[in-house]
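The values are calculated or read from the model by the stated rules, or taken from the named source; none is laboratory data. Small disclaimer: the values here were computed from a predicted structure and weren't measured. Quick reminder, even Gly has a Cβ in these numbers, built from the backbone with ideal geometry, and neighbours come from all protein chains shown. Accessible surface is based on the protein model in full, side chains and every heavy atom, while ligands, DNA and RNA are left aside. Shrake-Rupley method; radii C 1.70, N 1.55, O 1.52, S 1.80 Å.
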Amino acid sequence: MKSIPLLLAAISLAFPLTTLAAESGHDHHGAAPHKIELNAGKKWQSDASLRKGMSAIKEQVSVALPAAHEGKLTPEQYAKLGRDLNDQVAYIVQNCKLDPKADAQLHVIIGDLSQGIETLEGKQPNKERALGVVQVAEAVNTYGKYFDHAGWKPVKLPH
């Protein structure tokens, strides 16, 4: 009979630890959904900081994409592009103030941008750096499909 109260005491002491571990794991992975979606069939609202940063990223990747596709970007040019793109992503993250649901959607795009930037910086040795430029362009185009940005036109991707 003494073992049942001891077992219950052990479970009650362990429960907060398992809850904390589960919460820590959840926070570590973030609240961003794995798949982006529209806001009840409509585009998500953007703010001036998001529009400014995404416009700059779009311009940078639009300029680099043809040269990357033709194999003409040097390692130094890829490195500079990576720094410039990371600066814009940091600007967006620091200054963008969206509704929490829109912000969660934006984090999917930020994740895609970050993966593309890592690839073009050469941090994924099994992938061609030019593929990273394409990944960034695709993320930019995803942004345009899911966020309201007046006058937005997608980046033309190579065939």
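Table for the structure above
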item	result
Selection count, segment 131-159, where residues are open to solvent by 30 Å² or more (accessible area, probe 1.4 Å), outside any loop (DSSP other than H, G, I, E, B) and more than 11 Å from VAL61 (Cα to Cα)	4
Any chance ILE109 is open to solvent by less than 70 Å² (accessible area, probe 1.4 Å) and in contact with a Phe, Trp or Tyr (Cβ under 7 Å, 6 or more places away or on another chain)	yes
Cβ-Cβ under 8 Å pairs, at least 6 apart or on other chains, segment 67-85 side farther than 15 Å from LYS123 by Cα, far side among the hydrophobic types (A, V, I, L, M, F, W, C) and assigned to a loop (DSSP other than H, G, I, E, B)	ALA67/LEU73
Residue count for segment 117-130, restricted to those that are crowded, with 17+ Cβ neighbours inside 10 Å and either farther than 17 Å from GLY82 by Cβ or in contact with a Leu (Cβ under 8 Å, 6 or more places away or on another chain) (or both)	5
Selection count, segment 97-106, where residues are in a helix (DSSP H, G or I) and open to solvent by 40 Å² or more (accessible area, probe 1.4 Å)	3
